Amino acid sequence: MANIWDSIQFNPSERPKYTRFELAKLVRDKRTSLGLTHSELSSQFGGNENLWESIEAASRAFNVRIYTAIGAFLGMSTKELTSKDVDNIEAISFRANETNEEINKAIQIANLIFDEMVMQEKISVN
């Protein structure tokens, strides 16, 4: 009998290196450490005050323009801002060479749950 786990595509464990919430925090922390207002930030790095306020609030979907502005301010490339962290499951799994199909499925499910836990933690950055 088929179940939901038979339909899931198991991919290498990967997630965004930075969520928009993490980027928002990085921007806010750097701006405040430099003692800049949103107005000063917009005059030095483009955009308007509302743009920078929305970036710091993570209240909008980030697009190329926003990643470019954030990258210029943080001194990071757009490629770095949009990169992914990829776990090497083979290196960290003590059962990487397991031949039992049930155990392999259990390991894959555990990895999916772990990925979800990591993403939930990344999203809850304040």
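The values are calculated or read from the model by the stated rules, or taken from the named source; none is laboratory data. Everything quoted here is computed from the prediction, not taken from an experiment. With ideal geometry, Cβ positions are generated from the backbone for all residues, glycine too; neighbour counts draw on all protein chains shown. Only protein heavy atoms, including side chains, enter the accessible area calculation; ligands, DNA and RNA are left aside. Shrake-Rupley method; radii C 1.70, N 1.55, O 1.52, S 1.80 Å.
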Inset, instruction - Could you please let me know if residue 43 is among the polar types (S, T, N, Q) and at pLDDT 75 or above? - result: yes
Inset, instruction - Filter segment 7-34 for residues that are of a type in the set (S, T, N, Q) and either open to solvent by less than 40 Å² (accessible area, probe 1.4 Å) or modelled with pLDDT under 95 (or both) and give the result. - result: 7, 9, 11, 13, 19
Inset, instruction - Identify, by number, the condition in (1) farther than 24 Å from residue 86 by Cβ; (2) in contact with a strand residue (DSSP E or B) (Cβ under 9 Å, 6 or more places away or on another chain) that residue 14 doesn't meet. - result: (1)
Legend entry - Residues of segment 35-86 satisfying the condition of being open to solvent by less than 60 Å² (accessible area, probe 1.4 Å), among the aliphatic types (A, V, I, L, M) and assigned to a loop (DSSP other than H, G, I, E, B): 36, 58, 76
